[in-house]
Every structure is written in C-alpha cells, then in structure tokens.
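The values are calculated or read from the model by the stated rules, or taken from the named source; none is laboratory data. These figures come from a predicted structure and were not determined experimentally. Note that each Cβ is placed from the backbone with ideal geometry, even for glycine, and that neighbours are counted across all protein chains shown. Heavy atoms of the whole protein, side chains included, go into the accessibility calculation; ligands, DNA and RNA do not. Shrake-Rupley method; radii C 1.70, N 1.55, O 1.52, S 1.80 Å.
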Amino acid sequence: MPKLPPLIHSLLDTDLYKFTMLQAILHQFPAAYGQYEFRCRNQPDYPLSQLHKEVEAQLDWLCQLQFTQPELAYLRSLRFIKSDFVDYLELFHLQRRFIRVECDGDALNIHIEGPLVQAMFFEIFVLAIVNELYFRRLDTPQVREEGQRRLDEKIATLLRFEAEESASQRFPLLISDFGTRRRFSREWQQQVVEQLNAALPKVFRGTSNVWLAWKLGITPIGTMAHEFFQAFQALGVRLRDFQNAALEAWVQEYRGDLGIALTDVVCMDAFLADFDLYFAKLFDGLRHDSGDPIEWADKAITHYRKLRIDPATKMLTFSDGLSVDKALALHRRYSPHIQVSFGIGTHFTNDLGLEPLQIVLKLVSCNGQPVAKLSDSPGKTMCSDQTFLAYLRQVFKVAAPAADSVAQ
C-alpha cells in the first residue's frame with residue numbers, strides 16, 4: 001500500500017475508448033504486442049523525476065485492482081460492449097511486469113511493453129497518476145478558489161449562449177468532458193463534471209470517464225484513439241492500406257455503433273483519400289485532434305459534398321486543445337452546415353491558474369515494428385524510428401513540415 005491514498009480506485013476510472021479499442025483488439029488481434037513511451041512536451045515547475053517513488057507505489061496499487069461485479073454489470077449494460085468481453089474483464093488485472101519507471105536526470109521515463117490487451121490499458125491511469133502527484137505539490141486553497149472561479153465563468157458563458165443564441169442555431173450545442181488524462185485530480189474532475197451536468201443538462205452530453213458516467217448516470221463518450229490506427233501499421237496489411245484495415249475492423253466489430261472516426265493519424269488529406277463513399281456512409285462523422293480546426297472542418301464538409309452526402313446528416317467532433325470560447329466560435333461557424341460536438345479536456349479538468357503538464361504516453365511499436373503518428377500539428381508527431389517515419393511520409397505523400405520537432 002502506498003503512503004499516499006490510492007489515486008486510482010477503480011478500473012472504470014479511465015476513458016471509454018480504452019474499452020472499445022481493447023474489445024476490438026481482443027476479438028481480432030489477441031496476440032498483438034506493443035511498446036509505449038512516456039513524454040513530457042513542456043517544462044514542469046519541478047523535475048518529474050522527483051515523483052519516481054510515488055509513481056512506482058501507485059502502479060503497485062493499480063495492478064492489484066480488479067473489476068467489481070457492479071462495475072461489470074454496468075459495462076454489460078452498454079449495448080456495444082459484448083458479453084464475452086465482460087467475461088474476460090472479470091478475470092482481468094494489469095500486470096506490473098509490463099510497466100517500468102526510471103529516471104533520466106530530471107526526466108521521468110515510463111516504458112510499457114507487453115500484449116496490447118494489457119499494454120493498451122495502462123495509458124490513462126498512468127497519465128492521471130503523474131498529473132495528480134505533480135499537482136498535489138502545487139495545490140493550495142487559493143488554487144482551488146481560482147479553479148472554481150474559472151469554472152463558474154465557463155458555466156455562465158454557456159448559460160448565456162443557451163439563453164441568447166441556442167434557438168437560432170440549426171443544431172444544438174453539445175459539449176463533453178474529455179479531461180481524465182490531464183486532470184488536476186480525480187476529485188476535481190468529479191466536481192467539474194457534476195457542476196456542468198447540473199447547470200447545463202441540455203448542453204453537457206457526457207464524459208469520456210466511464211466511472212463518472214456510471215456514478216452520475218450520464219453518457220460515456222468515446223470511440224477510438226490514434227493507437228488503434230497505428231497498430232494496423234504493423235498488423236500484417238500493406239502499409240498503404242492500414243487506415244482502410246483499421247476502419248474496416250472497427251465496422252466489423254461495432255456494426256453501426258461508435259461511428260466517429262479519428263482522422264489525423266497520418267494527416268487529414270491522407271485520411272480523406274481513404275475515407276471513400278463506403279466508409280463515409282458507414283461512419284456517423286469525424287473527430288478533429290490536430291491542425292487548424294477550420295481548415296479541417298472545411299475539408300470534411302467539402303469531402304461529404306463531393307461524395308453527394310448531405311453534411312447535415314453527419315457529425316464533426318472537435319477535441320484538440322479546446323476552450324469554451326473556441327467551441328462556441330466553431331459551433332457558430334459550422335452548425336448551419338453540419339452537426340458539431342466538442343470534447344473539452346484540460347480547459348475543464350485542469351484550469352486552475354497553474355500551467356498544465358503536456359504529457360503523453362504513445363504507442364511506438366507493434367509486433368516488433370515501429371509505428372508512427374503523423375500529426376497535422378507540428379510538434380505532435382511521435383516516432384522512435386526516423387527511417388520508418390520517412391517511409392511513412394513517402395508512402396502517403398506527406399511532406400515533412402520544417403517546424404515539426406519529432407519526439408524521439
């Protein structure tokens with residue numbers, strides 16, 4: 001038992017897409033093997049290496065957790081979660097031997113290596129643990145007061161929009177919490193979600209956090225993440241075809257459920273080249289997670305029209321570094337043309353006047369082969385093998401941006 005209370009108290013305290021991706025991998029590629037690496041993209045107020053022992057202790061506790069019967073019953077109630085997958089989860093617990101924590105000077109290195117059905121499930125827990133341990137040292141009553149003041153302002157802004165503009169909008173404003181991975185603390189995320197849900201029942205549509213969705217009786221939100229697509233770069237299909245293979249695998253697993261596709265694993269242009277009429281009709285919409293949101297949305301709408309699909313029948317979900325003001329601006333611009341929704345993360349769960357950590361834990365290899373994400377945002381590209389990265393760019397005809405600082 002760690003000296004601090006356990007920061008993760010339930011294996012449901014993670015994002016929904018961890019379950020949805022894990023189910024698809026278990027059913028279709030149960031032997032897949034992956035490696036994940038941790039990175040911090042900004043400069044912390046104090047070295048993350050100081051958290052080493054506490055992180056180790058929290059991981060020891062995390063790897064003792066198992067799903068309870070009420071938790072399993074909740075998962076079984078979700079129509080897209082299959083009975084055999086819940087039976088698997090009844091036996092599931094994370095294996096400590098698959099995750100290693102080390103210090104490199106001031107940096108904290110976290111390395112995960114093992115079967116994807118294990119390795120994939122660590123990410124959100126690890127990021128939440130590092131965040132909460134880090135911000136505990138900076139937490140004061142004044143910080144909490146500032147966080148509440150900012151949350152009150154956001155709620156007031158959204159209430160004004162509801163009162164003054166919602167009736168004139170073609171489609172309703174839909175906002176969700178996507179903030180588990182970057183949260184100030186578990187308790188703070190719950191406080192934020194409870195207040196948003198109580199104040200904005202017509203606007204606030206749910207949370208990516210499965211435990212909070214269960215406890216508060218609201219909708220769990222999520223489909224897929226970059227790692228799902230990245231894995232297909234090494235799952236036995238021709239590299240040029242990996243996006244098609246990933247989309248098809250998703251369709252076969254969920255058959256109409258969870259129909260929002262992520263677009264920026266290679267880049268939007270390369271995604272749309274593969275997102276033909278077949279997929280455009282099968283998927284309900286697209287999710288934005290990097291690059292200029294206006295440029296991205298304009299391309300999506302143009303693509304639907306080119307395929308003779310009415311954009312009004314589809315959904316664009318924005319989830320890249322959003323604030324309430326950015327979400328409202330995008331809603332005003334695009335709701336006359338297409339349904340829109342917004343997943344807001346850090347701006348909800350870690351906006352208390354302190355600089356948030358920009359930490360990630362990304363898949364870097366699968367089945368012994370390198371994989372990569374070619375982001376539409378300079379600085380978000382992540383790959384441990386520059387030769388493979390250059391090959392991926394060549395295959396998809398993606399130029400290397402001069403400003404792109406690739407995480408090694």
In order over the range 162-171: 3J(HN,Hα) from phi, Karplus 6.51/-1.76/1.60, θ = phi - 60°, whole Hz, x for each Gly or Pro, gives 4, 6, 9, 10, 4, 5, 8, 8, 5, 10
Taking 0.36 nm per residue of separation between D276 and Q69 and subtracting their Cα-Cα distance, the length gained on full extension comes to 70.3 nm
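List the GluC sites (Glu not before Pro) within the range 127-191 that DSSP assigns to loop and that have no more than 15 neighbouring Cβ atoms inside 10 Å. All intermediate terms of the calculation are to be shown ahead of the outcome.
Numbers: sites: E132, E145, E146, E153, E162, E164, E165, E187; in loops: E165.
Passing both the DSSP loop test and the Cβ count: E165.
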Of all DSSP beta bridges with both partners in the chain, the antiparallel percent, nearest 5, is 55
One finds the C-alpha centres of the range 215-246 and the range 27-86 to be spaced, in Å, by 17
Residue by residue through the range 89-94, the couplings from Karplus 6.51 cos²θ - 1.76 cosθ + 1.60 with θ = phi - 60°, in Hz, x for Gly and Pro, are 5, 4, 9, 7, 8, 5
On the accessible surface of the chain, probed at 1.4 Å with all protein chains in place, carbon and sulfur together account for a percent value of 51
Counting only residues 5 or more apart in sequence or on a different chain, those whose built amide H sits under 5 Å from that of T317 are L286, R287, H288, S341
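Hey, what number do you get for the chain at 222 nm if only DSSP H runs of n ≥ 4 count, each worth -39500 (n - 2.57), divided across all residues, to the nearest 500?
Dividing the helical sum by the residues of the chain leaves -13000 deg cm²/dmol.
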Violations at 30 Å Cα threshold for listed pairs K53/K362; K215/K299; K215/K373; K82/K281; K18/K314 -> K215/K299; K215/K373
Calc'd 3J(HN,Hα), the range 82-87, phi into Karplus 6.51 cos²θ - 1.76 cosθ + 1.60 (θ = phi - 60°), Hz, glycine/Pro = x, comes to 8, 4, 5, 5, 5, 4
Sparse-neighbourhood loop hits (GluC sites (Glu not before Pro), the range 19-100; DSSP loop; Cβ within 10 Å at most 11 others) -> none
Note on the range 141-350: C-alpha Rg/Rh, Kirkwood Rh, two decimals, gives 0.98
Relative contact order as a percentage, the range 141-350, C-alpha pairs under 8 Å and 6+ apart, gives 26
Compactness summary of the chain: radius of gyration and Dmax from Cα atoms, Å, are 20.5, 60
Place a point 7 Å from the Cα of Y391 in the direction of its beta carbon; the residues of the range 225-239 whose amide N falls under 17 Å from it are 230-239
Yeah, the range 137-216 with a ≥ b ≥ c from its alpha-carbon gyration tensor (a/c under 1.5 is rounded, else prolate when a/b outruns b/c, oblate otherwise) is oblate
Computed for the range 170-259: size of charge dipole around the Cα centre, +1 on C-beta of each Lys and Arg, -1 on C-beta of each Asp and Glu, debye to nearest 20, value 240
For C383, the residues 5 or more places away or on another chain with a placed amide H closer than 5 Å to its own amide H are A407
By the mean-Cβ-within-10 Å protection proxy, highest first, 208-216, 304-312 rank as 208-216, 304-312
